[in-house]
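Laboratory data are not the source of any read-out in this text; all were calculated from the coordinates shown. The structure presented is a predicted model; accordingly, all values stated were derived computationally and were not measured. Cβ placement follows ideal geometry from the backbone for every residue including glycine, while neighbour counts extend to all protein chains displayed.
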Amino acid sequence: MNHLRVGGGSEFVLFELPAAEVCDGWYYMQVSVAVPGFNGSVQAYLEPADFRHFEQQLKVLHETLRGTAELRPIEKQVVVVLAGNGRGGVEVSGELASTTSQNKLEYSFEIDQTYLATTLAQLSEFTSGSSRADA
């Protein structure tokens, strides 16, 4: 199973991708969020293009430590936003919603820049695999 982790320790967003894609190139993924006092997980459909766009933005954030990188799929069941403060601190925030969107977990936590390299390496695996699938 491929995975993508944003954050570390006890505060993170984790995307877990089964080996197989679903129809029309969409991924059916388990997405989990853990923050102090709360955790949750949902099954969500995400497109490979969502991850490629996020990867481009995250590369710039990693290089400059400024700006934002956003994963905002069409379905908006999962939203992840990383915002750099220019000094190495990164705020991670977003939402995780049930399929009916009646229940929603809003979260926010901080990480430092050292976590970005691992996230980018994992993201590269997602996007390189999806590029082959889109061809």
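Sort region 2-130 into rounded, prolate or oblate with this rule: let a ≥ b ≥ c be the square roots of the eigenvalues of the Cα gyration tensor; rounded if a/c is under 1.5, and if a/c is not under 1.5, prolate when a/b is larger than b/c, oblate otherwise. In terms of gyration-tensor shape, oblate.
Placing a label point 7 Å from the Cα of Leu105 along the Cα-to-Cβ direction, the residues of region 36-52 with a backbone N closer than 19 Å are 36-46. Relative protection proxy for 37-43, 81-87, 91-97, from highest mean packing down: 91-97, 81-87, 37-43 (other beta-carbon atoms within 10 angstrom).
Positive-end ranking of Val31, Leu46, Thr64 along the dipole of the chain, with charges on Cβ about the Cα centre, is headed by Thr64. Label sites at Ser93 and Thr118, each approximated as a point 7 angstrom past Cα along Cα to Cβ, lie 2.4 nm apart.
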